[in-house]
Amino acid sequence: MKRPSLGAILLGLIPFAATCFSVSLWDRVDPMVLGLPFNFFWLIAWLVLTPLCMWGAYRLEVPRASDGRREEGGPQ
Amino acid sequence: MSPSIVALAIISTIVAIGSLVGFVARFHHKMDLEQWTVGGRGFGLVLVWLLMAGEIYTTFTFLGASGWAYSRGGPVLYILGYLPLMYVVSFYILPPIWEAGRRHRLQTQADFFHMRYGSPFLAGCVAFVGVACLIPYLQMQITGLGLIVEVASYGGIPRTPAMIIAFALVGAFVFVSGVRGVAWASIVKDLLLLFAAVFIGIAVPRIYYGGIGPMFAALAHARPGHLTMPGATKDLGHAWYISSVMLTSLGCYMWPQFFAASFTARSGKILRRNAVLMPLYGITMPLMFIVGFSAVLVLPGLSNGDLSLMTIVRKSFPAWFLGIVGGAGALTAMVAAAIQLLTGATLCVKNLCRPMLAPDMGDAQVAKFSKMMVLVLTSGALLFAIYSSSSFVSLLLVGYAGIAQIFPGVVLGLFSKRVTTAGVLAGLVTGIFVAVFLMLTGRDPYRGLNAGFVALCLNFAVTGVVSLLTPVRIAGFGETPPSLAAPQSGNGGDLT
């Protein structure tokens, strides 16, 4: 199978860095944002920011993906 | 009428409507094995979305997340952490899995292993791991249904009979509906769940504290430390968070039912678009946490955190509303359990029983025996549900520790030409052994790390080393020698 492009992989690593590996940086109650503890707010924000990163990855991947149609043309 | 009758009547009505939708949806489709298991591979964006959401937002979302927010505090955030990340992982692996599925007419996860590695034995092992890990997951749904009925009947129906009723409902539902019916029943469930989550997530803190902000302020003041890790626990700190998030986000699409759901899509593009959009649907999850956090000061001392959501709803709202929330929860559990059963039963019959007992069994018979296997699996989960009492999150983490061990074989199988059958088998056995050993001997978390994650790392290492030491027989999909190819339905897929 074709591997994903480097750019798409890097875009996918952004949410991992922001919500997983960096936990000790944002796991705090203060400052509260919009009434939410900071750690809670941070993770909710990434529910919205992750689709943005992945939309970028989508734009990179889809033009080069072999999606169905081309291979289906076998018998033609 | 007594409040319990009102609540139970509403729950029954909602469950009946959901089942009816599922039943009607399958009506115009001939129910062969392909239709029952992968919906004829014709699902578009909306149906795939519904199916995946139906499986991912389960009883666990509804009762487990609030339960952990109540009893453990900060560590519950790992759920919000892995939620977007599992879709990130799916973005890269589901489209190639789908492509392999379409080319080789795969229906189950074990078919994938059979086709990629040319080994029915490895496929059988994967099927066994898949079914074994599904049992705690199913147990969670049945216990959840039981809890809902118990609370909604104001204690009038004890938990065990409630779970037996739940078991009968789920069995009947999956029997008649198939995967298409389940996807449509998801619509009813999703609308209700969304409504219930938004409403109680906002209303509960408003009633007791005057809003979400004041609730968190009060909690941070009364229980400093509850809102950050390790919260109310001793050993669930940051290392545990990172390892659990990694384990669950990598392992999530290894669940045989999620894996197989990708085969229902019409194209790989749909799966990619789904992966981009799905995290937005997770916005209901924080609301469940908020309900659990609100309950900490309002209902201190509940013996079982998983009861916190239903109990606080019962305390705060009239009986009819308890019925709606309970109905949404019950339907959620049914839809999730149905898809788990459907996948588990097909795996069991197609990749475990058929190769061992009756290699010449036709697809029609596989479909028939799968339906019988549904009963066997539900009964198993019911027994576990009656005799054990782990919290939902613990059950889910046990399942994840096992199921994630399939990941190396899938991802290396897709993207590496060097991985070998022996390597994957050795890695899988090591991973399962280490995970089971650490958990049974009470070593989870192990040195602050999630035991399943420790097992997954060792699994990867063993897979890599053994693969390098053994010769490559099959270097990728479509390179399986015909003599080793899986006995597929129809034309067997083009192997060119």
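The values are calculated or read from the model by the stated rules, or taken from the named source; none is laboratory data. Note that the structure is a prediction, hence the values are computed from the model and not measured. Ideal geometry is used to build each Cβ from the backbone, glycine not excepted, and the neighbour counts take in all protein chains shown. Side chains included, ligands, DNA and RNA excluded: accessible areas come from the protein's heavy atoms. Shrake-Rupley method; radii C 1.70, N 1.55, O 1.52, S 1.80 Å.
Quick notes on this one:
- When residue B:116 is tested against (1) of a type in the set (Lys, Arg); (2) closer than 16 Å to residue B:419 by Cβ; (3) out of contact with any helix residue (DSSP H, G or I) (no Cβ under 6 Å at 6 or more places or on another chain), just one condition goes unmet, and that condition is (3).
- Qualifying position, being assigned to a helix (DSSP H, G or I) and at the interface with chain A (Cβ under 9 Å from one of its Cβ atoms), among B:245, B:291, B:296: B:245
- Across segment B:467-496, the qualifying residues are those that are open to solvent by 20 Å² or more (accessible area, probe 1.4 Å) and among the hydrophobic types (A, V, I, L, M, F, W, C), and the one among them that is modelled with the lowest pLDDT is B:495.
- Restricting attention to segment B:69-88, the residues being open to solvent by 10 Å² or more (accessible area, probe 1.4 Å) and of a type outside the set (Ser, Thr, Tyr) number 1.
- In segment B:114-123, residue modelled with the lowest pLDDT [restricted to those that are open to solvent by less than 10 Å² (accessible area, probe 1.4 Å) and more than 14 Å from every other protein chain (Cβ to nearest Cβ)]: B:118
- Subset of segment B:126-184 (residues that are buried (at least 24 other Cβ atoms within 10 Å of the Cβ), small (Gly, Ala, Ser) and farther than 25 Å from residue B:113 by Cβ): B:144, B:146, B:152, B:166, B:177, B:181, B:183
- Test: residue in segment B:251-265 that is assigned to a helix (DSSP H, G or I), at the interface with chain A (Cβ under 8 Å from one of its Cβ atoms) and open to solvent by less than 30 Å² (accessible area, probe 1.4 Å): no
- Segment B:192-238 - residue that is out of contact with any helix residue (DSSP H, G or I) (no Cβ under 9 Å at 6 or more places or on another chain) and open to solvent by 40 Å² or more (accessible area, probe 1.4 Å) and, of those, nearest to residue B:340 (Cα to Cα): B:235
- Residue within segment B:455-466 that is open to solvent by 40 Å² or more (accessible area, probe 1.4 Å) and modelled with pLDDT under 90 present: no
- Under the condition of being open to solvent by 70 Å² or more (accessible area, probe 1.4 Å) and more than 9 Å from chain B (Cβ to nearest Cβ), the residues counted in segment A:15-41 number 2.
- Residue list for segment A:44-63, filter: of a type outside the set (Val, Ile, Thr), at the interface with chain B (Cβ under 7 Å from one of its Cβ atoms) and in contact with a Pro (Cβ under 7 Å, 6 or more places away or on another chain): A:46, A:47, A:51, A:61
- Remark: residue B:275 falls outside the filter, which requires a residue to be touching a Ser or Thr at 6+ places or on another chain (Cβ under 7 Å), under 18 Å from residue B:126 (Cα atoms) and of a type outside the set (Ser, Thr, Tyr).
- Summed over segment B:79-106, the residues that are out of contact with any Gly (no Cβ under 9 Å at 6 or more places or on another chain), of a type in the set (Gly, Ala, Ser) and within 16 Å of residue B:409 (Cβ to Cβ) give a count of 1.
- Counted residues, segment B:364-386 - those being touching a residue at least 60 places away in the same chain (Cβ under 8 Å) and buried (at least 16 other Cβ atoms within 10 Å of the Cβ): 13
- When every residue of segment B:171-184 is checked against the conditions, none turns out to be over 30 Å from residue B:354 (Cβ atoms) and more than 14 Å from chain A (Cβ to nearest Cβ).
- Some residue of segment B:412-422 being of a type in the set (Lys, Arg) and outside any helix (DSSP H, G or I): yes
- Scanning segment B:430-449 for residues that are without any contact (Cβ under 8 Å) to a residue 40 or more places away in the chain and either outside any loop (DSSP other than H, G, I, E, B) or of a type in the set (Ser, Thr, Tyr) (or both) returns B:430, B:431, B:433, B:434, B:435, B:436, B:437, B:438, B:440, B:441, B:446.
- The condition (being in contact (Cβ under 8 Å) with a residue 40 or more places away in the chain, in a helix (DSSP H, G or I) and open to solvent by 40 Å² or more (accessible area, probe 1.4 Å)) is satisfied by just one residue among B:408, B:359, B:355: B:355.
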